[in-house]
Amino acid sequence: MAEGRKAWQDKLHSIIYEADTVYGKAFDVSLLVLIVASIVVVMLDSIPSIHAEYGNTLWITEWVFTMLFTIEYVLRLVSIARPSKYVVSFLGVIDLLAIIPSYLSILFVGAQSLLVLRALRLLRIFRIFKLNHYLTEMQFLGHAVRGSARKISIFMLIVLALVIILGSVMYLVEKGENGFTSIPDSIYWAIVTITTVGYGDISPTTPFGKFVASIIMLMGYGIIAVPTGILTTEMALAVKKREHSSQSCPSCGREGHEKEARFCKFCGSKL
């Protein structure tokens, strides 16, 4: 009986967690369709005219999606040996957040708006199309951001000091007119200008003010390039050339294993 149950779990695991099988890919594609459809339903329900005419239909449809996602979540738990590992994993938390809002809406009015969190589950598309290594590259990006955080922070402090100085100069040059009615307003203009956003709600009219504005605009292009270069350098140092398989651990459900790996690097279970 135990062996039969183990075989049943293995079969269910290959369908739900693996994307390199026919049934597994079909399951994940169907799941993505349901996710997108449920998000569309939530968005349509937020439109007053549609809600007034089709509110009940959309409400019933949303609960159908909730039941399907609940069944899927339970099947994910029963198909792995250590369901607690999956519950606290990133995708496990996202899956739980996808169904909780519907049940909370019974007790708290308006909680159903949180259902848009289901959009985060579209991250599974990386697994379906054999692009799960992009999820691993996110770890490299995280290392690069942490490694460059100090340098970028110092750079941003310099930029902050620069816009304060330039904003104060523009306040004096424009003599408190043309929208430069205070130093904070002038600093706001300097930030908008140096970031090349340029709303146009405030603009200088004096010749010297236009000259200063031109200098700030030219500086903006160079300023944008600096943090990009810092981050790119850190990413080059962080990236390691290694390939990963799309296999999911049958015990904890986590991915990101090397192709030659025989045991899960997270829980030690045999793959």
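The values are calculated or read from the model by the stated rules, or taken from the named source; none is laboratory data. Since this is a predicted model, take the numbers as computed values, not measurements. Backbone-built Cβ (ideal geometry, glycine too); neighbour counts: all protein chains shown.
When restricted to residues that are of a type in the set (D, E, K, R) and more than 16 Å from TYR73 (Cα to Cα), the stretch 18-37 contains 2.
Might you check whether a residue that is closer than 29 Å to SER251 by Cβ, hydrophobic (A, V, I, L, M, F, W, C) and modelled with pLDDT under 80 occurs anywhere in the stretch 30-40? No: the stretch 30-40 contains no residue that is closer than 29 Å to SER251 by Cβ, hydrophobic (A, V, I, L, M, F, W, C) and modelled with pLDDT under 80.
For the stretch 92-109: of the residues being surrounded by fewer than 19 Cβ atoms within 10 Å (Cβ to Cβ) and in contact (Cβ under 8 Å) with a residue 24 or more places away in the chain, which is farthest from LEU12 (Cα to Cα)? By that ranking, first place goes to TYR103.
Of all the listed residues (GLY176, GLY142, GLY147), the sole one being part of a loop (DSSP other than H, G, I, E, B), modelled with pLDDT of 70 or more and either outside the structural domain of TYR17 (by TED's automatic domain parsing) or surrounded by 15 or more Cβ atoms within 10 Å (Cβ to Cβ) (or both) is GLY176.
Being out of contact with any Pro (no Cβ under 8 Å at 6 or more places or on another chain), more than 23 Å from LYS85 (Cβ to Cβ) and aromatic (Phe, Trp, Tyr) is the requirement here; does TRP8 meet it? Let's see the steps before the verdict.
Numbers: out of contact with any Pro (no Cβ under 8 Å at 6 or more places or on another chain): yes; more than 23 Å from LYS85 (Cβ to Cβ): no; aromatic (Phe, Trp, Tyr): yes.
Criteria not met by TRP8.
Go through the stretch 183-198 and give me each residue that's in contact with a Gly (Cβ under 7 Å, 6 or more places away or on another chain) and either among the aromatic types (Phe, Trp, Tyr) or without any contact (Cβ under 8 Å) to a residue 24 or more places away in the chain (or both). Result: ILE183, ASP185, SER186, TRP189, VAL192.
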